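Below you'll find the structure, written out as structure tokens, and then a few comments.
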Amino acid sequence: ETGVTQSPTHLIKTRGQQVTLRCSSQSGHNTVSWYQQALGQGPQFIFQYYREEENGRGNFPPRFSGLQFPNYSSELNVNALELDDSALYLCASSRLAGGEQYFGPGTRLTVT
Amino acid sequence: AQKVTQAQTEISVVEKEDVTLDCVYETRDTTYYLFWYKQPPSGELVFLIRRNSFDEQNEISGRYSWNFQKSTSSFNFTITASQVVDSAVYFCALKVSLNYGGSQGNLIFGKGTKLSVKP
């Protein structure tokens with residue numbers, strides 16, 4: 001069984017640019033949740049996608065957006081990058097919207 | 001409001017010592033789940049345990065044990081005979097609203113406790 005994968009591993013962007021992060025869910029999982037983890041902090045919930053629809057959102061501005069595809073993989077898009085967006089972005093997949101979440105290795109984004 | 005507090009920022013022990021990581025949570029919901037995750041330097045969150053709010057039985061898994069007490073809103077994690085490989089950041093997390101298919105089901109994390117086990 002293939003676990004949750006994320007790409008890229010690391011990314012460096014400049015303030016004001018846009019970035020797309022990708023996540024492939026674990027086999028049999030139809031829900032993907034995204035979290036932002038700033039240095040020295042716990043992960044914070046960004047949003048969740050269930051069957052290609054947004055199914056809940058945390059306290060993040062609209063420039064954080066996402067997609068889920070028919071194969072349940074997902075993208076996180078961040079527009080107009082700010083320095084504070086520098087963080088580890090974690091993706092988690094689950095069998096159902098409220099089910100057990102399994103995390104990927106994360107994408108480390110640095111904004112300069 | 002939902003909140004998880006891990007008061008211990010960093011703990012350092014010598015191998016074979018026992019160590020307890022504290023977790024205090026806040027929620028008004030009567031149905032909720034509590035979790036512990038381990039985050040090694042690689043960054044991936046590794047699931048350790050899930051407990052629901054209706055099951056206060058303590059659990060033991062090898063060198064790991066968990067003490068859930070609703071009266072004090074605590075869900076503490078003990079590692080017995082710690083090993084160098086236990087060095088990591090440990091997160092306690094809370095999840096409410098377990099209506100499958102219709103709710104957020106998002107995890108609320110504490111700030112984590114960094115455990116260093118020295119040989």
Over all distinct alpha-carbon pairs, what is the Kirkwood Rh of the protein assembly as shown in angstrom? 18.2 Å
Along the principal axes of its C-alpha atoms, what lengths does region A:16-59 span, in descending order and rounded to whole Å? 32, 25, 20
For every other residue with a beta carbon closer than 15 angstrom to the beta carbon of A:Ala80, add +1 if it is Lys or Arg and -1 if Asp or Glu, then tell me the sum. 0
P(r) of region B:43-100 over all Cα-Cα pairs, binned every 5 Å from zero, in whole percent: 4, 14, 26, 24, 18, 10, 3, 1
For region A:38-99, how big is Rg over Rh, using alpha carbon atoms and the Kirkwood form of Rh? 0.96
Neighbourhood net charge (11 Å Cβ-Cβ; Lys/Arg +1, Asp/Glu -1) for B:Ser12: 0
Please state, to two decimals, what the Cα-based radius of gyration of chain A comes to when divided by 2.2 N^0.38 Å (N = residues). 0.98
Find the lysine pairs in chain B meeting two conditions, Cα atoms under 13 Å apart and a separation of 8 or more places or different chains, and report how many there are. 5
Alpha carbon convex hull of chain B, volume per residue in cubic angstrom: 105 Å³
With 5 Å bins from 0: P(r) over region B:5-56, alpha-carbon pairs, percent: 4, 13, 18, 25, 21, 11, 6, 2
Which of the aspartates and glutamates could be linked to A:Lys13 by a straight reach, that is with a Cα gap under 13 Å, when you skip same-chain ones fewer than 8 residues away? A:Glu82, A:Asp84, A:Asp85
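Rule-based calculations on the coordinates, nothing more; no lab input. What you see is a predicted model; the values in this text were computed from it and never measured. Heads up, the Cβs are rebuilt from the backbone with ideal geometry, glycines too, and the neighbour counts pull from every protein chain shown.
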